[in-house]
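What follows is a short report on a single structure.
Where a number appears in this text, it was derived from the coordinates with a stated rule and is not lab data. Quantities reported herein were computed from a predicted structural model and do not represent experimental measurements. Every residue, glycine as well, gets a Cβ built from its backbone with ideal geometry; the counts of neighbours run over all protein chains shown.
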Amino acid sequence: MTATLADIVIRPLTPADSLEELTGLLHRAYKRLADLGFNYTAVDQSVETTRERIEGCECFVATLKGNIVGTVNLDVRGRDDPPWVVGRKDCAYASQLAVEPTLRKLGLGARLMDIAERRARDAGFAYCVGDTSERAEYLIAFYTGRGYEIVDHVQWEGKTYRSVVLAKKL
């Protein structure tokens, strides 16, 4: 797909959006991480897992000509994991950031995170938090370049890698 950021619309996920299409995007976007040996959930999650992971959260999608080409999930309910977040009421949690591989390098991931961070700030949260493999250097560089700091480490059950927890003061 040839496109510019001006061609892409970012909006909340609606009931009319296809979770099959969203799941397919996640699989394509996370293939790069699977090829590095990381078993992120999004690598091969089912449509039901996609549904479960967005339930109760705010899911944003980027669309191009009606197709979902990007997404980010924002949990503003409060979480009981990872340890750095436990008991805190000031953290929104961003997850499953994904961009269609053919559209990488346009800045779409940054735009999606801008929206998630702005939404977290508008909802009164002091931090936007997320996690990624401590060996996913390009992702850590992306987040630290946006002002995130590594605040913790966590070993998620069933994962073949240890994650860093990243937080950005909003």
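Suppose we keep just the DSSP beta bridges with both residues in the chain; what percent of those would be antiparallel, to 5? Write out the running numbers ahead of the final one.
Values: 28 of 31 bridges.
If I count the DSSP bridges inside the chain, around 90 percent turn out antiparallel.
For the cross-link pairs Lys89/Lys159; Lys31/Lys159; Lys31/Lys168, which exceed 18 Å when the distance is taken from alpha carbon to alpha carbon? Correct reply: Lys89/Lys159; Lys31/Lys168. Hull volume per residue, based on the alpha-carbon atoms of the range 11-87 and their convex hull, is 104 Å³.
The charge dipole of the chain, taken about its Cα centre with unit charges on the Cβ of Lys, Arg, Asp and Glu (plus for the first two, minus for the last two), comes to roughly 480 debye. Going from the fewest other Cβ atoms within 10 Å to the most, the residues Tyr161, Tyr127 appear in the order Tyr161, Tyr127.
Separation of the range 27-45 from the range 130-144 is 14 Å, based on Cα centroids.
Coordinate range of the alpha-carbon atoms in the range 72-116 per principal axis, descending: 39, 16, 14 Å. Taking amide H as placed 1.01 Å from N in the peptide plane, the amide H of Leu13 sits under 5 Å from that of Cys59, Phe60, Val61, each at least 5 places away or on another chain. Given q = 0.18 Å⁻¹, what are the Debye log10 I(q)/I(0) values for the chain, with equal point scatterers placed on the Cα positions and solvent ignored? At q = 0.18 Å⁻¹ the computed log10 ratios are -1.24. Which log10 I(q)/I(0) values, to two decimals, does the range 67-163 give at q = 0.10, 0.19, 0.23 Å⁻¹ under the Debye formula with one point per Cα? So the normalised log intensities are -0.27, -1.00, -1.37. For the range 101-107, backbone phi angles converted through the Karplus equation (6.51, -1.76, 1.60; θ = phi - 60°) give residue-by-residue couplings of x, 6, 10, 5, 6, 8, x Hz, Gly and Pro being listed as x.
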